[in-house]
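S.K.: After the structure tokens below, expect a handful of questions from me.
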Amino acid sequence: MVLRESPFPNGFVAGLHSFAWGLIFPCFWFLDRLIAVCMSTTQEKRERHEQECYLNPLQVFFGAIVFFLLFLLTAPISLLGCILWVPLQKVRRPFCYHRERISIPEDQVFGEQVWSKTGGSFGFVTANLCLLPDSLARFNNLGHTQKRSNVIAHLIIQGVNRPRIKIYVDSPSSGTLSQGSRSSLLIPSSSSYGATDSQPANRPPLVSNLEEDAGNGEVLDLESEIVEGGSNTNSRDIIVDLTDDTEDLACPSMVSQNCNQNSNSCRKAPHKSRKFDDVPWEVCSFFPANVDFVFLEEVFDKRAAQKMKDVLSPVFGHILYDVGIYAFQGCSAFKFFNSGLFFASRYPILEASFRCFPNGRGEDALAAKGVLSVKVQVGQTNQNKKVVGYLNCTHLHAPGGEGQIRCEQLNLLINWVSEFQALTKSIDEIVVFDVLSGDFNFDNCSPDDALEQKHSLFDEYRDPCRAGPGKEKPWVIGTLLEQPTLYDEIVLTPENLQKTLETEELRKGFISPPVPLAGCPLVYPDAGAPWVGRRIDYSLYREETISKHCRTEIEEFTFVTQLAGLTDHIPVGMRLHISMDTEDPE
């Protein structure tokens, strides 16, 4: 099934909806500016103090008066727009779909590559961006939503649109070829992003080429980690053979063309991949290279979502945005905002479904939070069977102390995901992964979240960071930043935030601490255990629902600091390697 791009059944209804929203938007914008002009982020306050600017009270006073008067003038027009806009939501599909028609060779079209007998690997990233209307984002100490959305989108592209470097070394304990750590170089990649290509028979030694092109480039430290065996590589992987103790490689001079917009010079891209409990993990100042799927939360603002779509679509050719319902469609409370979910994929989307949670309370009830379920095609076999994957994204109830609501939402999530897969799964298809990501708004260390930590969801989906209910693995890092300190110098740049997260004593002051039970003192962490903090952003997977010949292995788990100063969450990345027991899966 090919998804229709417009969320409306025909052009006339779509045009009517655009006209109605055009009547509403001016009033909405003036109200947004009225609130925003009265609220400043800590960074704006600091800048005014450093510049000794004393005009702010006057700007606030007169700005508030002007925007309030304009709000009153446009309110009647907005009311007429609402009368037209609300009924149209009944015929609106709960998401917009964008497909970028990228001109690439026919045999490289995403989803049509022949599935390798050795399997393949896929990269996933999830991030909460707090792209609310500017006035509401300021309650989280984040402003300038439109500018942030544009910068964030470009940073995602800068990070993911790089080749991964795989270093192969001769193991001192074995005569076999071993795979080393992967590191990232800021160099342009080819137009092919397929994730199922098999490993080339002859790996070209590229060290000399990189050294010849060093020019004005920077030196990257590549920490080789000896891992038994090899694996197939992506078409954008760069293979480097090391036969000695080489530690440094020079980045090509063209790296200067890809500088971070938040820095005056290009950054070093350190790779400190470590392996603990069979999970290779790292804290990285760039988004993982060669990501195939991006899950975003809190992209509530429509204009911000449009900007994200425009920037991401040349790389991620299939995007679902403006996900959710409005008004009274299917939920108990009137919805002013959509779900905030945003999904970008390099691979074709075959099916998609959104379901809205009916039990939101308080301010959360104003947004159509729910579950987005997607089925994608990632390849085909020699027998022309489709190779597919299932992806699910969610954002649960936010207020603390209301774990019962989140548990009810998790129950609904499990049922809805099962229903979606039962309706869309075909016996002629091979399912190679089933992933669930999002902002769950509870962690695995707070006593106040004990109910959610024991939910049966974690019996079905595997959490790479979880040792058990209420217990994280020692290497895990919290993903919720303390909002008042977002602009402190020690966490304001990707490199500084990376260093802070890697130092246990430092991160205590910038990652949100666990939430104790009411009236009970908090004892955290246990003796001898590391300080982790609240990890509320999850990336999970399960094997019970994939085809019986497939096996899933964590290839890499990443905490990303590239969005320092742009959001109050730490994005997380996960790469899964899919292998098959037989060469010809049925």
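The values are calculated or read from the model by the stated rules, or taken from the named source; none is laboratory data. Model, not experiment: these values are computed from the prediction. Here the Cβ is made from the backbone with ideal geometry for all residues, glycine too, and neighbour counts use every protein chain on show. Side chains included, ligands, DNA and RNA excluded: accessible areas come from the protein's heavy atoms. Shrake-Rupley method; radii C 1.70, N 1.55, O 1.52, S 1.80 Å.
S.K.: Rounded, prolate or oblate: which fits segment 466-567, taking a ≥ b ≥ c as square roots of the Cα gyration tensor eigenvalues, rounded meaning a/c under 1.5, else prolate when a/b beats b/c?
M.R.: Cα axes put segment 466-567 in the oblate bin.
S.K.: Among 386/548; 45/307; 471/508; 375/473, which pairs are too far apart, with a Cα-Cα distance over 20 Å?
M.R.: 45/307; 375/473
S.K.: Okay, moving on. Could you work out what % of the accessible surface of segment 1-108 is carbon and sulfur, using a 1.4 angstrom probe and leaving DNA, RNA and ligands out of the count?
M.R.: The value for segment 1-108 is 69 percent carbon and sulfur by accessible area.
S.K.: Another one. Any idea of the accessible area per residue across segment 296-366, 1.4 Å probe, to the nearest Å²?
M.R.: Normalised by residue count, the accessible surface of segment 296-366 is 31 Å².
S.K.: To the nearest 20 Debye, how big is the dipole of segment 406-490 about its Cα centre, given +1 on the beta carbon of each Lys and Arg and -1 on that of each Asp and Glu?
M.R.: 300 debye
S.K.: Also: Nearest 20 debye, what's the magnitude of the dipole of segment 282-411 about its Cα centre given +1 on Lys and Arg Cβ and -1 on Asp and Glu Cβ?
M.R.: Result for segment 282-411 is approximately 420 debye, rounded to the nearest 20.
S.K.: Averaged per residue, what accessible area in Å² does segment 1-88 show with a 1.4 Å probe, protein chains only?
M.R.: 65 Å²
S.K.: Express in nm, to one decimal, how much length is gained between residue 54 and residue 42 on full extension, taking 0.36 nm for each residue of separation and deducting their alpha carbon distance.
M.R.: 2.7 nm
S.K.: Next question, about the same structure. Where the centroid of each part is defined by its Cα atoms, how far is segment 1-57 from segment 66-96 in Å?
M.R.: 13 Å
S.K.: In debye, nearest 20: dipole of segment 470-517 around its Cα centre with unit charges on the Cβ of K, R (+) and D, E (-)?
M.R.: My answer is approximately 240 debye.
S.K.: Taking a ≥ b ≥ c as the square roots of the eigenvalues of the Cα gyration tensor of segment 17-81, is the shape rounded (a/c under 1.5), prolate (a/b larger than b/c) or oblate?
M.R.: Prolate shape, in that a/c is at least 1.5 and a/b is the bigger ratio.
S.K.: Taking θ as phi - 60°, what are the ³J(HN,Hα) couplings along segment 63-74 by the Karplus curve (6.51, -1.76, 1.60), each to the nearest whole Hz, with x for Gly and Pro?
M.R.: x, 5, 5, 4, 5, 5, 5, 5, 4, 5, 5, 8
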